[in-house]
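First comes the structure, then the notes that go with it.
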């Protein structure tokens with residue numbers, strides 16, 4: 001929980017981040033073309049140098065028998081902290097690459113409060129556009145199937161994954177910045193939301209009951225995060241946070257979703273409502289619950305639930321070959 005504690009200390013009362021302090025504890029991993037012990041290599045891809053937008057691509061070192069799916073991953077960190085190069089996320093995406101049998105593209109999106117909503121959503125869409133127009137770097141030696149592209153993320157990253165999926169699948173003219181170009185090879189086969197960071201002005205039962213009793217998420221910390229991320233003057237019922245509003249937009253082509261919920265996560269009520277909204281709007285959704293899981297439990301690979309999460313993600317991705325994803 002070191003990063004959790006330091007993250008809290010780095011969040012100033014004036015809504016800014018003490019990045020010098022946080023950087024002392026946020027260890028970074030370098031990309032490496034040499035395969036690691038898992039047989040995974042990595043390379044950094046610059047999408048837009050003018051705004052510092054890049055992604056880290058993880059791929060198996062040996063060619064697969066058939067084209068692999070692509071998982072575009074958005075890291076967590078309260079919209080304001082961490083990076084695609086942060087050691088926990090570098091390690092996590094390496095594991096996903098190996099155990100999911102996929103090429104993983106980990107997006108280093110711009111952070112709040114320097115870059116408020118919708119900057120992170122814009123970055124996510126532009127990474128998909130880059131994949132569609134440029135493809136993967138030459139160092140990726142395995143064939144991929146961009147028509148089996150999955151968006152995934154945890155916590156704040158899961159929020160970003162939702163909004164990027166919504167933008168990408170919204171019908172619009174080809175010139176729209178939020179819709180895919182005509183004849184685009186990138187098609188979203190699914191979206192995996194691990195403990196998505198959602199909210200609203202209401203205080204849910206879980207938020208009240210678990211506040212101060214479990215690590216990572218507190219009401220005070222969440223309020224700080226939303227103030228730092230949302231547009232100036234917006235409250236928590238802003239569409240970026242309050243995606244469970246019955247009037248929230250949801251594209252006809254929104255892909256099948258897998259929603260992961262932890263029984264010790266103060267945000268669990270919002271996550272269940274999100275899954276319910278998807279169902280009521282006719283979307284395929286699979287809910288996976290871990291009763292003893294705190295927020296960001298996946299940072300601890302030794303926990304049995306971490307292995308179960310990867311198994312559930314693989315099953316969801318494999319099931320995308322079927323005509324629909326069954327609810328669970």
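The values are calculated or read from the model by the stated rules, or taken from the named source; none is laboratory data. Owing to the predicted nature of the structure, the values given are computational and were not obtained by experimental measurement. FYI the Cβ positions are ideal-geometry reconstructions off the backbone, even for glycines, and counts take in every protein chain you see.
Residues in segment 200-210 that are assigned to a helix (DSSP H, G or I) and without any contact (Cβ under 8 Å) to a residue 60 or more places away in the chain: 208, 209, 210. Residues considered: 156, 189, 141, 174. Of these, the only one that is modelled with pLDDT under 95 and under 27 Å from residue 43 (Cα atoms) is 141. Inside segment 116-162, residues that are surrounded by fewer than 24 Cβ atoms within 10 Å (Cβ to Cβ), farther than 30 Å from residue 34 by Cα and touching a residue at least 40 places away in the same chain (Cβ under 8 Å) make up a count of 5. Any residue in segment 88-108 that is touching a residue at least 60 places away in the same chain (Cβ under 8 Å), out of contact with any strand residue (DSSP E or B) (no Cβ under 9 Å at 6 or more places or on another chain) and surrounded by 23 or more Cβ atoms within 10 Å (Cβ to Cβ)? No - not one qualifying residue is present in segment 88-108. Scanning segment 35-47 for residues that are at negative phi, touching a strand residue (DSSP E or B) at 6+ places or on another chain (Cβ under 8 Å) and not in a strand (DSSP E or B) yields a total of 1.
If only residues of segment 63-95 that are assigned to a helix (DSSP H, G or I) and within 13 Å of the chain's Cα centre (by Cα) are counted, the one that is farthest from residue 26 (Cα to Cα) is 93. For residue 38, the conditions (1) over 22 Å from the mean Cα position of the chain (by Cα); (2) closer than 24 Å to residue 159 by Cβ; (3) touching a residue at least 40 places away in the same chain (Cβ under 8 Å) are fulfilled apart from (2). Filtering 215, 266 for residues that are within 30 Å of residue 18 (Cα to Cα) and surrounded by 15 or more Cβ atoms within 10 Å (Cβ to Cβ) leaves a single hit, 266. Taken as a whole, the structure places residue 56 among residues that are more than 12 Å from the chain's Cα centre (by Cα), surrounded by 20 or more Cβ atoms within 10 Å (Cβ to Cβ) and outside any loop (DSSP other than H, G, I, E, B).
Residues considered: 32, 83, 50, 23. Of these, the only one that is exposed (fewer than 15 other Cβ atoms within 10 Å of the Cβ), in contact with a strand residue (DSSP E or B) (Cβ under 8 Å, 6 or more places away or on another chain) and farther than 21 Å from residue 143 by Cβ is 32.
Suppose we filter segment 96-120 for residues that are closer than 23 Å to residue 50 by Cβ and part of a helix (DSSP H, G or I); how many remain? Walk me through it before giving the result.
Within segment 96-120, the subset closer than 23 Å to residue 50 by Cβ is 105-120.
Pick out the ones that are also part of a helix (DSSP H, G or I) and you get 119-120.
Counting residues in segment 96-120 that are closer than 23 Å to residue 50 by Cβ and part of a helix (DSSP H, G or I) gives 2.
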